[in-house]
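The values are calculated or read from the model by the stated rules, or taken from the named source; none is laboratory data. Since the model is a prediction, treat every value here as computed from it, not as a measurement. Cβ coordinates were reconstructed from backbone atoms using ideal geometry, including for glycine residues, and neighbour counts include every protein chain displayed. The accessibility values were calculated without ligands, DNA or RNA, using every heavy atom of the protein model including side chains. Shrake-Rupley method; radii C 1.70, N 1.55, O 1.52, S 1.80 Å.
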Amino acid sequence: MTRDRENARRLQATIEDAIKIAPAPSRAQVSRTRSRLLAAGLVASVVAVGLTGGVHLNGRPTTLVYGTLLGWAAIAMAGAWLAIGRRGAMLGPPTRLLVACAAAMGPVLLAWYALLEHLLGAAGEAAVPVSMHVTCFAITLAYAAGPLAAVGATYRAIDPVHPRATGALLFAAIGALGGALIVLHCWVGELAHVALGHVLPLVGLAAAGALVGDRLFGTTSLPGRGRLG
Amino acid sequence: MTPAWQAGVVVDGVLVATSRDDSSLDRAMDRYAAGDDAAFGELYEGLAPRLYGFLHRQTRDEALADDLLQQTMLRIHGARGRFVEGAAVIPWAFAIARRGIIDAHRRGRRIVLAQDADEGDAADLLASVDASAEELVDAQGLADVLRATLADLPENQRVAFELVKQEGLSLGEAAAVLGTTVAAVKLRAHRAYEALRAAIARRPS
């Protein structure tokens, strides 16, 4: 590969000038910011749970409530870890795996809930009005809003390969976290309500994550041209 | 015909993987991510020629390759704080470069494989398909055939072939760059290899 050396030298100088003008944060700075924002996001979720009335058991078995909370939270963490946990490398797992996990998350959450309900012999409620589905849908999104904002702000430009798939899985995982928290608040155990009010938000969030993934998590969002370039 | 600095992995007579010792580059990136601005020079010296070669092969346009190299290096700089300690910088850099090519393509920049490549490319290509001595005699003609064959390959096969056989990435690294599995990369690179072999076989002696 022959190349004009003068041209190459000039390009290097341009790039070096550009990075002097716009310094980037170091790993330690990014790590500090990330920890603070993620903590703030989780605190925002807890505050939101408090603002909506805190824990309502309403005669439900404690094991069902906390089993659902812990199970869904664990599934959410596993999804988030798969999407952004880098395990000593900079590039994530194959696109298909991310997409499959994002698509499977809703059914897995429902299956976990149905299993617990079956094992504990907890009778589901009678059918509830649509307005309750809508209310829970909105509250689940509200619970997810803090972590969503934190993750969107701190994990920018982490994925040059498949940012849309990463966005879908990460947003689905955060939706699952919102769904895990709403089980503390909502005492309706009807499976259709759980599906529509608690799980459906994560499906919407996964779609939103796929839409904004390029901008949020793709390296395209980083400046690719110095002021001198 | 594997260069000394590459270690080849041959399966059933087919060179399926090459690897390079990039640990000094990884350490430079680690230092740069930790805030050592002086490490950028070392990083640039190690990355830029390889990235430029890759970008130029993909675009066949010096100005566009320069532009994409600048983008890639500035994005590496911008994301340095997110670089995971101990991670490999080369696959990440190639992934960013490839994303730049895809973005340029989406923006309507024309990216084609041109018909005029220099002899360095031809030699690289020949080395990468493990050509025999007889085939090397008519290197330029053969290079034309190989270049045209590569140009006709689907993008995913061509890039898999180039990452593994020309850039020396391991199959796992190439799979991560392409967002797919090792088996898929092996298959794509093998198909590209077979297409090149078939093109050589069809060539009039």
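The figures follow:
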item	result
Within the accessible area of region A:31-217 (1.4 Å probe), percent carbon and sulfur	73
³J(HN,Hα), Karplus 6.51/-1.76/1.60, whole Hz, each residue of region A:179-187, x for Gly, Pro	x, 5, 6, 6, 5, 5, 8, 9, 9
Point-to-point label distance, residue B:45-residue A:134, nm (Cα→Cβ direction, 7 Å offset)	6.7
Cβ neighbours within 10 Å from other chains - mean over A:9-17	4
Value at 222 nm in deg cm²/dmol, rounded to 500, when DSSP H runs of n ≥ 4 in chain A each add -39,500 (n - 2.57)	-24000 deg cm²/dmol
In degrees, nearest ten, helix A:27-51 long axis to first principal axis of chain A (Cα)	20
10 Å Cβ neighbours from other chains, averaged over peptide B:82-91	5
Heavy atoms of residue A:112: accessible area, 1.4 Å probe, square angstrom to 10	90
Cβ-Cβ FRET estimate between residue B:148 and residue A:115, R0 fixed at 60 Å, reported to 0.05	0.55
Averaged over B:64-73, number of beta-carbon atoms from partner chains that fall within 10 Å	5
At R0 = 35 Å, FRET efficiency that the Cβ-Cβ distance of residue A:127 and residue A:43 yields, to 0.05	0.45
Area accessible to solvent at residue A:56, 1.4 Å probe radius, in Å²	50
HN-Hα J in Hz across region B:51-68 - Karplus 6.51, -1.76, 1.60, θ = phi - 60°, x for Gly and Pro	5, 4, x, 5, 5, 5, 5, 6, 9, 6, 9, 4, 5, 5, 4, 4, 4, 5
Computed lengthening from residue A:20 to residue A:70, 0.36 nm per intervening residue step minus Cα-Cα distance	13.3 nm
Hz values of 3J(HN,Hα) by residue in region A:146-160 - Karplus curve (6.51, -1.76, 1.60), Gly and Pro given as x	x, x, 4, 5, 5, 5, x, 7, 9, 10, 5, 6, 8, 10, x
Surface accessible to a 1.4 Å probe, residue B:84 within the full protein complex, Å²	40
Order of exposure, largest accessible area first, which applies to B:36, B:30 with probe 1.4 Å	B:36, B:30
Computed E for residue A:145/residue B:63 - FRET, C-beta separation, R0 51 angstrom, nearest 0.05	0.70
Ranked order, B:165, B:186 - accessible area, probe 1.4 Å, largest first	B:186, B:165
Inter-site label distance for residue A:153 and residue A:86 at 7 Å from Cα along Cβ, in nm	2.1
